[in-house]
Amino acid sequence: MTRLLNDNTPAAWLMVLPAAVGLGAFVAVPFVLALVLSLTDLRLGSPLPVEFVGLRQYVRIFTDPSFQRALVNNAVFAAVVVPVQTGLALALALLLNRAMRGMVVFRTLFFMPVVFPMALVAVVWELIYAPGPGGTLNSFLGAVTFGWWEPRAFLHDTFWALPAIMALSVWQGLGFQMVILLAGLQAIPEQLYEAAAIDGAGKLSRFWHVTLPQLRNPLVFVVLLTGILAFRVFDQVQILTRGGPHDATTTVMFEAVTAAFTRQQVARASAMTVVFFVIVLAITLAQRMLIREEREVA
């Protein structure tokens, strides 16, 4: 296989072809189409031909307070969800990486939320966040604080709405990251821990100098994937808050979908998707550059 790839033979190109076709059909072509449409004034139902307007759509969205708020919300969402979800996933993976009876059941229970569709999960959490003292979360917090907790309408409060969606997202995606990190933990050779123990390293020292370096690649993958998913958050916003209250939970994807299918502004939505693509691409490239620099230093 290595020889075929190095020689650039037809067989090697044939192996690459399915992935290349997939990238072209589902990434390159949609991006080029969105880029072209973003330079026009296309609306659903508008007469043809459409007018070329240049960068006017980009000027409009960047001067739109709703889109500016969506960018800020996305940045805050990613800044909170990525480290919290990764840290909790690592803690769960360490906890479940033990040879104990019934551990498979616990792993399955923690992974189950990933299997359920986000729409179903959001509906269940909408019941949990129900306002008033009868709401599940309000009732629980009132019980554990012996009545000191004042019931809140989490999804209708400008302060609590975004954290409520963050909590849902962390819970729903935690199991997937946990499974990846758990697989990474199980791939670490036991001899490394034995050698560290012989050298007198304690549990904390073994974690910092053996576990974390060996988990570097799985952690990088988890952070990268979670960061991308954090910027494309849409389902839970649409179902729970519809961007409210007062744009407190609106996101770039929510703004783009609303512009395209509610206001029928296809060109405006295309401009938003191009901006979204560039942001995600920039984050991915920045992370890869940091990783490459760390490897060179190491």
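Brief remarks follow.
- The number of residues in region 28-86 that are farther than 19 Å from residue 281 by Cβ and among the aromatic types (Phe, Trp, Tyr) comes to 1.
- Scanning region 27-48 for residues that are within 19 Å of residue 275 (Cβ to Cβ) and either modelled with pLDDT under 85 or in a helix (DSSP H, G or I) (or both) yields 27, 28, 29, 30, 31, 32, 33, 34, 35, 36, 37.
- Qualifying residue in region 233-251 (condition: out of contact with any helix residue (DSSP H, G or I) (no Cβ under 8 Å at 6 or more places or on another chain) and either modelled with pLDDT under 90 or in a helix (DSSP H, G or I) (or both)): yes
- Being of a type outside the set (A, V, I, L, M, F, W, C) and out of contact with any helix residue (DSSP H, G or I) (no Cβ under 9 Å at 6 or more places or on another chain) holds for only one residue in 190, 150, and it is 190.
- Residue ID - nearest to the chain's Cα centre (by Cα), chosen from residues in region 186-218 that are among the small types (Gly, Ala, Ser), surrounded by fewer than 14 Cβ atoms within 10 Å (Cβ to Cβ) and in a helix (DSSP H, G or I): 205
- Residues of region 19-56 that turn out to be among the acidic types (Asp, Glu) and touching a strand residue (DSSP E or B) at 6+ places or on another chain (Cβ under 6 Å), as a count: 0
- Residue count for region 248-283 satisfying the condition of being under 17 Å from residue 63 (Cα atoms) and either surrounded by fewer than 21 Cβ atoms within 10 Å (Cβ to Cβ) or of a type in the set (A, V, I, L, M) (or both): 9.
- Unmet criterion (only one of (1) of a type outside the set (S, T, N, Q); (2) in a loop (DSSP other than H, G, I, E, B); (3) exposed (fewer than 12 other Cβ atoms within 10 Å of the Cβ); (4) modelled with pLDDT of 85 or more) for residue 22: (2)
- In region 219-254, the residues that are over 15 Å from the mean Cα position of the chain (by Cα) and among the basic types (Lys, Arg): 242
- Residues being exposed (fewer than 15 other Cβ atoms within 10 Å of the Cβ) and within 10 Å of residue 272 (Cβ to Cβ) - total across region 63-75: 0
- Set side by side, the residues 60, 56 differ, and just one is in contact with a Lys or Arg (Cβ under 8 Å, 6 or more places away or on another chain) and either surrounded by 14 or more Cβ atoms within 10 Å (Cβ to Cβ) or over 24 Å from residue 238 (Cα atoms) (or both), which is 60.
- If you filter region 127-147 down to residues that are in contact (Cβ under 8 Å) with a residue 12 or more places away in the chain and not in a loop (DSSP other than H, G, I, E, B), you find that the one that is surrounded by the fewest Cβ atoms within 10 Å (Cβ to Cβ) is 137.
- Scan of region 94-121 for residues that are over 25 Å from the mean Cα position of the chain (by Cα) and either in a loop (DSSP other than H, G, I, E, B) or surrounded by fewer than 13 Cβ atoms within 10 Å (Cβ to Cβ) (or both), ordered by number: 98, 99, 100, 101, 102, 104, 105
- Among residues of region 148-171, those that are β-branched (Val, Ile, Thr) and either at pLDDT below 90 or outside any loop (DSSP other than H, G, I, E, B) (or both), counted: 2
The values are calculated or read from the model by the stated rules, or taken from the named source; none is laboratory data. Just so it is clear, the model here is predicted, and its values are computed rather than measured. Positions of Cβ are generated from backbone atoms using ideal geometry, with glycine treated the same way; all protein chains shown enter the neighbour counts.
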